[in-house]
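Q: Dropping the structure in here first, questions after.
The values are calculated or read from the model by the stated rules, or taken from the named source; none is laboratory data. Just so you know, these numbers come straight off a predicted model, no measurement behind them. Please note: Cβ atoms are built from the backbone with ideal geometry, for glycine as well, and neighbour counts cover all protein chains shown.
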Amino acid sequence: MDFLQPEDWEEALQARAAHPGARPIWGGTDVMVDLNFGRERPEAILDLTRVRELAEWQEDDGALRVGAGVSYTRAIQELKDALPGLAAASRTVGSPQIRNRGTIGGNLGSSSPAGDALPPLYASGAEIELASARGTRRLPIGEFISGPKRNVLEPDELIAAFHVRPAAGPQQFSKVGTRNAMVIAVCSFALDLDPDARRVGTCIGSAGPTPIVASEAEAFAQGELDWDGGSPPGEATLARFGELVAQAASPIDDVRGSSAYRRHALGVLARRTLSWAWGEL
Ligand SMILES: Cc1cc2nc3c(=O)[nH]c(=O)nc-3n(C[C@H](O)[C@H](O)[C@H](O)COP(=O)(O)OP(=O)(O)OC[C@H]3O[C@@H](n4cnc5c(N)ncnc54)[C@H](O)[C@@H]3O)c2cc1C
């Protein structure tokens with residue numbers, strides 16, 4: 001197997017164009033598992049870790065651009081104020097070693113419905129920047145991820161970054177697992193409140209073929225929350241919000257949990273995160 005190690009972004013895009021069968025790698029926390037278990041045998045590995053541009057993030061004109069090579073550890077340390085939902089999700093990923101190596105770009109590349117970085121990005125309306133030697137395109141995360149472990153990345157494209165506005169209000173992320181750490185989510189839920197726009201953003205993780213935005217729950221909460229007075233949502237509002245989130249899920253029965261359990265747990269996560277977020281506000 002060839003090992004390609006471009007020194008900068010331009011070289012990386014050229015290498016990707018010249019070797020469409022090469023598997024990009026950053027942390028390798030998904031790729032190496034697949035190689036070690038013999039699940040794939042790419043003709044080459046395209047190591048991106050020398051491409052410094054990919055590890056950078058900046059705020060420009062009120063929007064954040066975060067390079068695909070930013071690790072969970074850095075998201076927790078450097079982005080906790082701007083993106084508290086993503087930082088909360090990052091804290092639940094793997095172990096310190098996995099959080100040091102693993103990246104949000106790698107989570108996007110794997111496109112697993114259980115990817116913990118994905119629900120906060122959906123809830124905040126993030127866009128993904130893809131690049132190739134032909135040029136650059138940007139698309140909403142919901143259009144980037146096309147199915148379970150599938151996305152619309154072309155063979156000559158790389159994930160450059162994601163774009164998202166910094167939190168305009170409280171953000172929450174909550175995950176159910178069979179133990180406290182080193183666990184794939186049984187289900188998860190991300191919430192983003194924007195009090196100025198009176199917008200509620202949501203996303204369900206690990207309970208469908210892709211992360212799922214609970215649009216009806218969002219519309220319901222937007223109409224019910226007391227944006228002017230600030231009084232807390234009542235029991236009936238929280239219960240209905242939970243119900244609508246549970247209904248939006250499309251869970252299966254598998255080794256990690258039953259479909260019925262996932263729906264129930266999502267209702268609980270939705271009620272809790274809405275209460276917590278409103279309390280913070
Ligand atoms: C022990 C263990 C625990 C884990 N726990 C969790 C967890 O709790 N939550 C969770 O969500 N995940 C978890 N994972 C999975 C993994 O750590 C994450 O998905 C991580 O985000 C992958 O990032 P990476 O940089 O290591 O990606 P890599 O393994 O390097 O790559 C992953 C995929 O993305 C592609 N890719 C990477 N960068 C680019 C790029 N710039 N352009 C195009 N394609 C690219 C690769 O080709 C590959 O398909 C765990 C893994 C292990 C081994």
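Q: Between a residue in the stretch 8-23 that is over 24 Å from Arg39 (Cα atoms) and touching a residue at least 40 places away in the same chain (Cβ under 8 Å) and any residue that is in a helix (DSSP H, G or I) and near the ligand (Cβ under 10 Å from one of its atoms), which pairs come within a Cβ distance under 9 Å, given they are 6 or more apart or on different chains?
A: Trp9/Leu54; Ala12/Leu54
Q: Any idea how many residues of the stretch 244-262 are surrounded by fewer than 18 Cβ atoms within 10 Å (Cβ to Cβ) and not small (Gly, Ala, Ser)?
A: Just the residues of the stretch 244-262 that are surrounded by fewer than 18 Cβ atoms within 10 Å (Cβ to Cβ), to begin with: 247, 250, 252-255, 258-261.
Add one more test, that the residue is not small (Gly, Ala, Ser), and what stays is 247, 252-255, 261.
Qualifying residue count, the stretch 244-262: 6.
Q: Return the residues of the stretch 166-183 that are farther than 22 Å from Leu83 by Cα and either surrounded by 15 or more Cβ atoms within 10 Å (Cβ to Cβ) or more than 13 Å from the ligand (Cβ to nearest atom) (or both); say none if nothing qualifies. Walk me through it before giving the result.
A: Within the stretch 166-183, the first condition is being farther than 22 Å from Leu83 by Cα, and the residues that meet it are 177-180, 182-183.
Selection gives Gly177, Val183.
Q: Return the residues of the stretch 150-185 that are hydroxyl-bearing (Ser, Thr, Tyr) and in a strand (DSSP E or B); say none if nothing qualifies. Working first, answer last.
A: Of all residues in the stretch 150-185, those hydroxyl-bearing (Ser, Thr, Tyr) come to 174, 178.
The one that is hydroxyl-bearing (Ser, Thr, Tyr) and in a strand (DSSP E or B): Ser174.
Q: Select from the stretch 13-36 the residues that are aliphatic (A, V, I, L, M) and over 19 Å from Asn107 (Cα atoms) and write down the one among them that is farthest from the ligand (Cβ to nearest atom).
A: Kept after step one, since they are aliphatic (A, V, I, L, M), are these residues of the stretch 13-36: 13, 15, 17-18, 22, 25, 31-33, 35.
Adding the requirement that they be over 19 Å from Asn107 (Cα atoms) leaves 13, 15, 17-18.
Values: Leu13: 10, Ala15: 12, Ala17: 13, Ala18: 15 Å.
The extreme case among them is Ala18.
Q: Can you tell me which residue within the stretch 150-199, out of those that are under 22 Å from Val66 (Cβ atoms) and basic (Lys, Arg), is nearest to the chain's Cα centre (by Cα)?
A: Lys175
Q: Inside the stretch 44-63, can you point out the residues that are in a strand (DSSP E or B), modelled with pLDDT of 95 or more and among the acidic types (Asp, Glu)?
A: Hits for the stretch 44-63 are Asp47, Glu59.
Q: Could I ask something else about it? Please give the helices (runs of 4 or more DSSP H) falling wholly within the stretch 64-120 in which 2 or more residues are within 7 Å of the ligand (Cβ to nearest atom).
A: Working: elements: 72-78, 84-91, 96-101, 104-110.
Hits in the stretch 64-120: 96-101, 104-110.
Q: Inspect all residues belonging to the stretch 219-241 and state whether any of them is surrounded by 14 or more Cβ atoms within 10 Å (Cβ to Cβ), touching a residue at least 12 places away in the same chain (Cβ under 8 Å) and within 21 Å of the chain's Cα centre (by Cα).
A: No, the stretch 219-241 contains no residue that is surrounded by 14 or more Cβ atoms within 10 Å (Cβ to Cβ), touching a residue at least 12 places away in the same chain (Cβ under 8 Å) and within 21 Å of the chain's Cα centre (by Cα).
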